[in-house]
């Protein structure tokens, strides 16, 4: 995609780029802290911040509040932070590498592979809990991406962003067709699958967070290491090559990071498409195209988005819950559209 | 095909002259012939096989009544609906991909088919649950609810993208937002539903041609009779739009009008198709990409995409009815047949651009 829309410099936005970026980053950090605190305090049972502090300061405290904070709210919040960050960063990497605004991290076959693996686990092995799905989903996500890479790079031109995106879309459609073929005649499996596929933080304990954390940590490290190369690549492959950047290793590292991040996130929470799609577009408005700023900011915004949606979902349908994936899309979509319309979105 | 057949040739006929690219004539012609053959084959095959001779006799009105019933009332409508749905989806996919200059921009990604799914799933799920909304939706019936959902999503897409013109980039961004909202609504309705309703709704959102009658085919035929010629007429403008908005304006294209017409045509084509068959996924995404690789032009060709779409859906339906032990909805087979073909084209393809 090459539609570089340069926003006209209005007086209000003549603030130096660096100040704008620092302000944006600071705001995102504050929002993330607020969202995390809200996620610990708000729920079916509201817990004051004082009680939260006492529960954290004194591990031997055994009041109901303390048990809830330590056993349920903290793991859930940590998981939300991890998964949201992973999805935001994966989205920024994916859009940078494919140079396509539709570059959803699930496009590389991650979501489709994970979905097929989960459906197989439910229907053949009778697995039925979120914690039980994790390893199947992760394995499916990795297998899906390996296939997409293999096919996307098999052509004479090697793996270009376009062939990868098309191979991903085609293979995803094929895998989803298999998912549907399995589900159409099998109401029992559909009954479990329909609750996984919406994407939620509910019912995942600390064990799930521990299982996916190493993958996300490695993914973030690779993503950060990939940023200078990604900046060069966004000048076009020829220019990047001329500046001494080796193209294929840079792409491989970046897309491997996407696989780890998005695969781990999908394994933990089910497919949550919106964060990865939207977070990079939103932060690009103040970071500009520099990936050294874009990637951390997209990660932070991803965490803010996911945690906020999770908290809203707990409040909106008391005493039940709305799944975070649904809240995110329903509330996030109008906001995103308003943003797209108000300021001229910066092209890739 | 060698390079010589891919390049344009100047053709002169008296005072008229023009450029003619042989592949952009040959591919639609061949596809049309294949479509007729596959449809004829599909008419004869099924649980009650009928020979080619009997099929021909029945078509000209000389067959016996029981065969005429099977052919004309059961199989023909299904095949016609399939062909029309494929035509509409292939056409709409080519329009969107050309307009947005993005090979991933299909009506599935831009939220239009998801809008139809919301309408249909709401009609199936809420009609069982009672309440005024349920009664209203149940009374409308699933196809009308789907049509309403698709048209609503399409008009939202158009209205929200509009800012003194339609920018392809903004269209794509607004589209994915609409898609994710509609997908979330569908998933949410599915989790709220009784599991039998959810299973029925799931079959619908997979896209199926089961039990389609002439009542499904006629509105589709009428709409396409208007939309297809109009779309083909925009072909020249689409070619100019490819060079970017500024160039197009410089070449004298009335930009807002042309953009609105293209998007509207695509939305209407998708909406009527989805109302008839459910969201037969993947046709609109993959067919234009296959077509552009066959014809070798710079953008998805409209007529070839439409015809290839029809071949894919009719062929998938034939395979679903005859080759498989258990009859699966056609929406599964379109992906199973279309995806490997696109993958194969990618593996051996020379093209590196859209």
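The values are calculated or read from the model by the stated rules, or taken from the named source; none is laboratory data. Remember, it's a predicted structure, so these values are computed and weren't measured experimentally. Neighbour counts are summed over all protein chains in view; Cβ atoms, including those assigned to glycine, are modelled from backbone coordinates with ideal geometry.
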### Selection count, the range B:310-332, where residues are over 14 Å from the mean Cα position of the chain (by Cα) and within 11 Å of chain A (Cβ to nearest Cβ)
7
### Summary
Note: among A:55, A:38, A:32, just one is touching a residue at least 12 places away in the same chain (Cβ under 8 Å), surrounded by 20 or more Cβ atoms within 10 Å (Cβ to Cβ) and either within 28 Å of residue A:273 (Cβ to Cβ) or within 16 Å of the chain's Cα centre (by Cα) (or both), namely A:32
### Task
Identify all residues within the range A:96-113 that are under 12 Å from residue A:272 (Cα atoms) and away from chain B (no Cβ under 14 Å); write none if there are none.
A:110
### Task
Could you figure out which of (1) touching a helix residue (DSSP H, G or I) at 6+ places or on another chain (Cβ under 6 Å); (2) under 30 Å from residue A:322 (Cα atoms); (3) not in a loop (DSSP other than H, G, I, E, B) isn't true of residue A:250?
(2)
### Query
Does residue A:298 satisfy being within 14 Å of chain B (Cβ to nearest Cβ) and under 25 Å from residue B:174 (Cβ atoms)?
no
#### Entry: Test for residue A:116: is it assigned to a helix (DSSP H, G or I), out of contact with any helix residue (DSSP H, G or I) (no Cβ under 9 Å at 6 or more places or on another chain) and farther than 22 Å from residue A:206 by Cα
no
### Task
Go through the range B:33-78 residue by residue and tally those that are within 14 Å of residue B:312 (Cα to Cα) and surrounded by fewer than 15 Cβ atoms within 10 Å (Cβ to Cβ).
3
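Part of a helix (DSSP H, G or I), more than 16 Å from residue B:309 (Cα to Cα) and more than 19 Å from the chain's Cα centre (by Cα): does that describe residue B:223?
On the way: part of a helix (DSSP H, G or I): yes; more than 16 Å from residue B:309 (Cα to Cα): yes; more than 19 Å from the chain's Cα centre (by Cα): no.
No, not satisfied.
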### Message
Tell me the residue from A:125, A:120 that is farther than 21 Å from residue A:219 by Cβ, more than 10 Å from every other protein chain (Cβ to nearest Cβ), surrounded by fewer than 18 Cβ atoms within 10 Å (Cβ to Cβ) and in contact (Cβ under 8 Å) with a residue 24 or more places away in the chain, please.
### Response
A:120
### Message
Which numbered condition in (1) at pLDDT 90 or above; (2) surrounded by 24 or more Cβ atoms within 10 Å (Cβ to Cβ); (3) farther than 21 Å from residue A:102 by Cβ is the only one that residue A:268 fails?
### Response
(1)
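Would you say residue A:93 is part of a helix (DSSP H, G or I), away from every other protein chain (no Cβ under 14 Å), farther than 28 Å from residue A:163 by Cα and out of contact with any strand residue (DSSP E or B) (no Cβ under 6 Å at 6 or more places or on another chain)? Walk me through it before giving the result.
Working: part of a helix (DSSP H, G or I): yes; away from every other protein chain (no Cβ under 14 Å): yes; farther than 28 Å from residue A:163 by Cα: no; out of contact with any strand residue (DSSP E or B) (no Cβ under 6 Å at 6 or more places or on another chain): yes.
No, not satisfied.
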### Query
If residue A:238 passes every condition in (1) within 14 Å of another protein chain (Cβ to nearest Cβ); (2) more than 19 Å from residue B:195 (Cβ to Cβ); (3) under 20 Å from the mean Cα position of the chain (by Cα) but one, which one does it miss?
(3)
### Query
So which helices (runs of 4 or more DSSP H) are wholly in the range B:30-113 and hold at least 1 residues that are closer than 24 Å to residue B:299 by Cβ?
B:76-100
### Query
Residues in the range A:328-339 that are modelled with pLDDT of 85 or more and more than 8 Å from every other protein chain (Cβ to nearest Cβ): how many?
0
### Task
Quick one: residue B:164 ticks every box in (1) outside any loop (DSSP other than H, G, I, E, B); (2) surrounded by fewer than 24 Cβ atoms within 10 Å (Cβ to Cβ); (3) touching a helix residue (DSSP H, G or I) at 6+ places or on another chain (Cβ under 8 Å) except a single one, so which number is it?
(1)
### Task
Could you tell me which numbered condition residue B:307 fails, if it satisfies all but one of (1) modelled with pLDDT under 90; (2) more than 12 Å from chain A (Cβ to nearest Cβ); (3) touching a helix residue (DSSP H, G or I) at 6+ places or on another chain (Cβ under 9 Å)?
(1)
### Query
What's the number of the condition residue B:298 fails, among (1) in contact with a helix residue (DSSP H, G or I) (Cβ under 6 Å, 6 or more places away or on another chain); (2) more than 8 Å from chain A (Cβ to nearest Cβ); (3) within 28 Å of residue B:232 (Cβ to Cβ)?
(1)
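Going by the structure shown, is residue A:80 on the phi < 0 side of the Ramachandran plot, surrounded by 23 or more Cβ atoms within 10 Å (Cβ to Cβ), in contact (Cβ under 8 Å) with a residue 12 or more places away in the chain and part of a helix (DSSP H, G or I)? Show your work before the answer.
Numbers: on the phi < 0 side of the Ramachandran plot: yes; surrounded by 23 or more Cβ atoms within 10 Å (Cβ to Cβ): yes; in contact (Cβ under 8 Å) with a residue 12 or more places away in the chain: yes; part of a helix (DSSP H, G or I): yes.
Spelling it out, residue A:80 is indeed on the phi < 0 side of the Ramachandran plot, surrounded by 23 or more Cβ atoms within 10 Å (Cβ to Cβ), in contact (Cβ under 8 Å) with a residue 12 or more places away in the chain and part of a helix (DSSP H, G or I).
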### Message
Checking the conditions here, which among A:233, A:305 is surrounded by 22 or more Cβ atoms within 10 Å (Cβ to Cβ), away from chain B (no Cβ under 14 Å) and at pLDDT 85 or above?
### Response
A:233
### Query
Looking at (1) over 28 Å from the mean Cα position of the chain (by Cα); (2) surrounded by 15 or more Cβ atoms within 10 Å (Cβ to Cβ); (3) in a helix (DSSP H, G or I), which is the one condition that is false for residue A:74?
(1)
### Task
Can you give me the number of residues within the range B:158-177 that are more than 7 Å from every other protein chain (Cβ to nearest Cβ) and closer than 21 Å to residue B:205 by Cα?
1
### Message
The conditions are (1) without any contact (Cβ under 8 Å) to a residue 40 or more places away in the chain; (2) within 14 Å of chain A (Cβ to nearest Cβ), and residue B:279 fails exactly one of them. Which is it?
### Response
(1)
### Query
Does residue B:238 satisfy the condition of being within 11 Å of another protein chain (Cβ to nearest Cβ) and touching a residue at least 12 places away in the same chain (Cβ under 8 Å)?
no
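Check whether at least one residue in the range B:333-341 is more than 11 Å from every other protein chain (Cβ to nearest Cβ) and either in a loop (DSSP other than H, G, I, E, B) or in contact with a helix residue (DSSP H, G or I) (Cβ under 7 Å, 6 or more places away or on another chain) (or both), and report yes or no. Walk me through it before giving the result.
Initially, the range B:333-341 is screened for residues more than 11 Å from every other protein chain (Cβ to nearest Cβ), giving none.
Within the range B:333-341, not a single residue is more than 11 Å from every other protein chain (Cβ to nearest Cβ) and either in a loop (DSSP other than H, G, I, E, B) or in contact with a helix residue (DSSP H, G or I) (Cβ under 7 Å, 6 or more places away or on another chain) (or both).
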